[in-house]
Amino acid sequence: HAPTPAHLKAAIPADGPTAPLTGVLIKLGLFTLAMVVLPVGSYFVSRDWYFGDNLTGAGITAATVANLILVAFVVVALREDTLEGILRRRRRDRDRRWMGKRKSWGWR
């Protein structure tokens, strides 16, 4: 069978323990709840308190809130992914340094 191309090697799962999913599921649940409650709530609050009969303004407010939640979710996901990559590289470098020391000490 042919060797795996370099651009697909990132998609191959690494050996070792997987990260616990509880934090990811909690974040997903919170953002889902926010996506349901906050735009609808902002629509009614802005309609009743600020815009009155202008339903277009209330709709724009709800759409803006939904987009802000979506942007917040993407930022949180990117930061989490970046932090995970940094920690993985630090662990790999630490392990390589340790293996290098073992070889310099004459251990196998």
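Structural remarks
- Quick note on the range 22-102: its Rg to Rh ratio, both from C-alpha atoms and Rh being the Kirkwood radius, is 1.36.
- The range 22-102, accessible surface, carbon-and-sulfur percent (1.4 angstrom probe): 68 percent
- Approximating the spin labels as points 7 Å out from Cα along Cα→Cβ, the Phe31-to-Asp81 distance works out to 1.0 nm.
The values are calculated or read from the model by the stated rules, or taken from the named source; none is laboratory data. On a predicted model such as this, the values are computed, not experimentally measured, just so you know. For neighbour counting, all protein chains shown are included, and Cβ atoms are generated from backbone atoms with ideal geometry for every residue, glycine included. Surface accessibility is based on the protein's heavy atoms, side chains included, excluding ligands, DNA and RNA. Shrake-Rupley method; radii C 1.70, N 1.55, O 1.52, S 1.80 Å.
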